[in-house]
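This report concerns only the one structure given below.
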Amino acid sequence: MTKKEIYYIDFDVDEVSSRIYDLMDKWSVHLIHIKGQNWQVFNHSNELVYEFDFLIDFRNIDGRIKLEDLKLNVIHHIESLKDDTTYVDELVQEDLLY
């Protein structure tokens, strides 16, 4: 069963970053797929184990900045792990801006 968390525009970047770091430390995470407002976490068997949904309008510049900051935090953490954890970055997609 996939677990899911939902966040709105008022989310705290540091708090959600810590939440994702804890998840990566707790489970055997292989891939984080960052696709617009939906972020999916997969294990080494390529099973979806966790989702983060950000109910944010991409036309709101503050919301986009927060998601970009969160994405950079997560990518830096992944790169510091020195294991095979990776990510797919599709945060901003053209169809989300219209």
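The values are calculated or read from the model by the stated rules, or taken from the named source; none is laboratory data. Quantities reported herein were computed from a predicted structural model and do not represent experimental measurements. Note that we place each Cβ from the backbone using ideal geometry, even for glycine, and neighbour counts take in every protein chain shown. Accessible surface areas use protein heavy atoms only, side chains included; no ligands, DNA or RNA. Shrake-Rupley method; radii C 1.70, N 1.55, O 1.52, S 1.80 Å.
Of all residues in the range 81-96, those satisfying the criterion of being part of a helix (DSSP H, G or I) and either open to solvent by 70 Å² or more (accessible area, probe 1.4 Å) or at pLDDT 90 or above (or both) are GLU94, ASP95.
Considering the range 1-44, the residues that are free of Cβ contacts under 8 Å to residues at least 12 places away in the same chain and more than 13 Å from VAL74 (Cα to Cα) include one that is surrounded by the fewest Cβ atoms within 10 Å (Cβ to Cβ), namely MET1. Counting only strands (runs of 3 or more DSSP E) that fall entirely inside the range 11-74 and contain at least 1 residues that are aliphatic (A, V, I, L, M) and on the phi > 0 side of the Ramachandran plot, no element qualifies.
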